[in-house]
Structures are given as structure tokens and as C-alpha cells.
1. Which residue, chosen from Leu46, Gly78, Thr132, occupies the Cα position most advanced towards the positive end of the dipole of the chain, where the dipole is computed from +1 (Lys, Arg) and -1 (Asp, Glu) charges on Cβ about the Cα centre?
2. Return the carbon/sulfur percentage of the accessible area of segment 46-143, one whole number, probe 1.4 Å, all protein chains in place.
3. If you place +1 on the Cβ of every Lys and Arg and -1 on the Cβ of every Asp and Glu, how big does the dipole about the Cα centre of segment 15-128 come out, in debye to the nearest 20?
4. Could you work out [θ]222 nm for the chain from helices alone, using -39500 (n - 2.57) per DSSP H run of at least four and dividing by all its residues? Round to the nearest 500 deg cm²/dmol.
5. How large is Rg/Rh for segment 15-91, to two decimals, with Cα atoms and a Kirkwood Rh?
6. Kindly state, to the nearest 0.05, the FRET efficiency for Asp52 paired with Ala75, given R0 = 35 Å and r defined as their beta-carbon distance.
7. Treating the Cα atoms of segment 45-143 as identical point scatterers in vacuum, please give the log10 of the normalised Debye intensity I(q)/I(0) at q = 0.11, 0.15 Å⁻¹, two decimals.
8. Rounded to the nearest 0.05, what FRET efficiency is calculated for Glu96 and Glu23 with R0 set to 30 Å and r the Cβ-Cβ distance?
Amino acid sequence: MLLRIDHVGIACHNLAEKIEFYESVFGLTVVSREVNEEQGVREAMLHVADGDRGASYVQLLEPLHPDTAVGKFLAKRGEGVHHIGYGVADVTKALEDIGAKGVRLIDQRPRHGSMGASIAFLHPKDVGGVLTELVETSRQTSR
Ligand code: CMX
Ligand code: CO
């Protein structure tokens, strides 16, 4: 079901500073910057690698407000790994299969993610403390 690790989502207070860090220390390149009001984030995708099942990224996330998923996480735990995003071929089908196994779905149906992807989250309490995102990439992009 899981094709690859699409991205690691990292929560930070200052997106510009964190981008500068990942560019200068690891030599990564920003391929997309977006504000996603629905998810409450200002974010950047930095390309890490290409594989035969698609590419992988680091997703840097700054909250738009304190009362958002990432804002609450920062207040509770501070900066660090916020979630793992796995590539799937069909996010709707994956949600159906995973939900049938009793894992709580945060999203009953897919939402809009970065770079045109369809995304959905699984509850961290049912995935061993790991907030887990399913990502179906857009056919319009080469992501
Ligand atoms: N990883 C692991 N555990 C997490 C977590 C995370 N990222 N975020 C929250 N939790 C835990 C909390 O520690 C808390 O556990 P305890 O009760 O043991 O303290 C519990 O989950 C509830 O957390 P909360 O702070 O009360 O927050 P909420 O229940 O309001 O929200 C969650 C938690 C996961 C449902 C919410 O963050 C969510 O819906 N996330 C999905 C959307 C998202 O994260 N969007 C931003 C990224 C967008 C993108 O990738 O494109
Ligand atoms: Co993500």
C-alpha cells in the first residue's frame, strides 16, 4: 500500500530561517512554497531525492496561527518532526482499507495538499504516536 516516504513534515517557528538552514547545511533546494489556509500552515517543500516510485521531500511547516495543528504542536512539544507522509497510489482506497482495520481517520476523505497532491491524515494515537499522512501525488506535476 505504501509506495515510498513522500516527505517528513517538520514543525518550526520561523520558516525562512529553517529554509536557510536546510539549504546551507544539507544543500537542499526549495521546489514549492505555499500557504494552506485549511491546514493552517505556511510551508515549503525541499527536494531530497528521486526514486522509481517518485520523489521525496522535507516539508517545513510554520503555523499561520497558534490555534492550528502545527501551532498547538509547537506549544506542547517545540520544534521537531511533526508527521511522516507516505506515497500511495489511491488515497481514497487507502483510507477505506486502513479505516476498515480500525485506525481512526482524521480525514474521512482527501483534502488538498502541497503541489496539487490529495492528502489525508491518520490519528497519531492509533499509529504508535506518529501522525501519519497519506499522499496521492498530482498527475499534472512530476512530483
Ligand atoms: N504527532 C504525534 N502526536 C501528536 C501530534 C503529532 N504531530 N499532534 C498531536 N499529538 C498528540 C498530542 O500530544 C496529544 O496527546 P496527549 O493527549 O497524550 O497529550 C493528542 O495527540 C491530542 O493532541 P492535541 O494537542 O490536543 O491536538 P488535537 O487533538 O486538537 O489535534 C491532531 C491533534 C493530530 C488531530 C491534529 O494535529 C490534526 O488534525 N492533524 C492533521 C492536520 C495537520 O497536521 N496539518 C498540518 C500539516 C499539513 C501538511 O502536511 O500538508
Ligand atoms: Co505533510
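The values are calculated or read from the model by the stated rules, or taken from the named source; none is laboratory data. Small disclaimer: the values here were computed from a predicted structure and weren't measured. Please note: Cβ atoms are built from the backbone with ideal geometry, for glycine as well, and neighbour counts cover all protein chains shown. Surface accessibility is based on the protein's heavy atoms, side chains included, excluding ligands, DNA and RNA. Shrake-Rupley method; radii C 1.70, N 1.55, O 1.52, S 1.80 Å.
1. In the chain, that residue is Thr132.
2. Carbon plus sulfur share of accessible area: 50 percent.
3. 420
4. -6500 deg cm²/dmol
5. Checking Rg against Rh, the ratio lands at 0.98.
6. Calculated transfer efficiency: 0.30.
7. -0.35, -0.66
8. 0.15
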